[in-house]
1. Taking the simple approach of a point 7 Å from Cα along Cα-to-Cβ for both Thr130 and Asn26, what is their distance in nm?
2. Evaluate the distance, in nm, between pseudo-label points positioned 7 Å from the Cα of Glu84 and of Ser33 along their respective Cα→Cβ axes.
3. Going by the alpha-carbon gyration tensor, a ≥ b ≥ c the square roots of its eigenvalues, is region 3-99 rounded (a/c under 1.5) or, if a/c is not under 1.5, prolate (a/b greater than b/c) versus oblate?
4. Where is the GNM fluctuation largest for the chain (alpha-carbon springs, 10 angstrom cutoff): Phe168, Phe46, Phe204?
5. Send over the Kirkwood Rh of the chain, from the inverse of the averaged 1/r over different Cα pairs, rounded to one decimal Å.
6. Anything in the chain that counts as a DSSP H helix reaching 27 Å or more along its axis (C-alpha) with Kyte-Doolittle mean of at least 0.0? List them, would you?
7. What is the magnitude of the charge dipole of the chain about its Cα centre, with +1 placed on the Cβ of each Lys and Arg, -1 on the Cβ of each Asp and Glu, and no other charges, expressed in debye to the nearest 20?
8. Residues of region 27-41 with amide nitrogen under 18 Å from the 7 Å Cα-to-Cβ point of Glu63?
Amino acid sequence: MDKKNSKSNKNIHEGHRKRLVDLACNAGLDNLSDVQVVELFLSYIFPRGDVNPLAHRLLDEYENFANIISAESADLQKIDGINERSAKLIYLFNELFYYYVTSRMGKKFVVSRKADLVDIAEDVLRFRNTENLLLIALSAGNIVTHKRRINRKSATEVGISMMDVADFITNAKPVSMAIAHCHPYGSAQPSESDKKSFKEINEFCQKCGVCLIDSFIIGEDGVFSQDDDVMIRKYFDIEAINEMF
């Protein structure tokens, strides 16, 4: 391609990006098509060039924007046009989203009821596609002082490391705490391993002089409280859906 044609294509792409940004700012993302939203997002990953074909390939593979940014880096690299760097940047956008949510909440979040802790756990864990553990520390005034999320990097690995809990208590020095973990693509009902871990952690916290408020499990069907031994927030009934097929 000669320099004249290269410059012409560059101007076309830059003009398209500017129109897309203006449209998003003036009309809002809700009024953009799925392809336009993914294009806009990809413009942050790829500073130059036409990303429209890549946007189509990603949507063909992952169906929607949420699935794209939730995909694992190694899986993204299977898409033509995505290298290791761009895959990592796409993956990190999901992490930035959760960081934004927790930053908006702030450290001085006062917990007045158990449902407040469920809200925090949902914000951090509900849409994860790998098992994640969340530890929440509270002060004497029921103020959330520390939160730590640990990614197990697996959709099936279950279990809470006592070492993680001990390290968190040592550093956060909570008066009370809550723990939560997610069951990606499964029910919030506790497994035998979950029940055993909850008992062990509760006993460990008592020895440390820390009150364990609850252990929440977040699944596709809702949120389960291990302390109350009941589903305390329901999204839908998995068993009823399974009976339909």
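Bear in mind these aren't lab numbers, they're just calculated from the coordinates by the rules spelled out. Computed from a predicted structure; not experimentally measured. Counting neighbours? That spans all protein chains shown, and the Cβs are built from the backbone with ideal geometry, glycine included.
1. Here the modelled spin labels are 4.2 nm apart.
2. 3.5
3. Working: a/c = 1.93, a/b = 1.29, b/c = 1.49.
Cα axes put region 3-99 in the oblate bin.
4. Phe46
5. Working: mean 1/r = 0.0486 Å⁻¹.
In the chain this quantity evaluates to 20.6 Å.
6. On the way: long enough: 3-27 (35 Å, -1.42); 84-105 (32 Å, -0.07).
Helices meeting the criterion: none.
7. Its charge dipole is roughly 1400 debye.
8. 34-35, 38, by backbone N distance to the label point.
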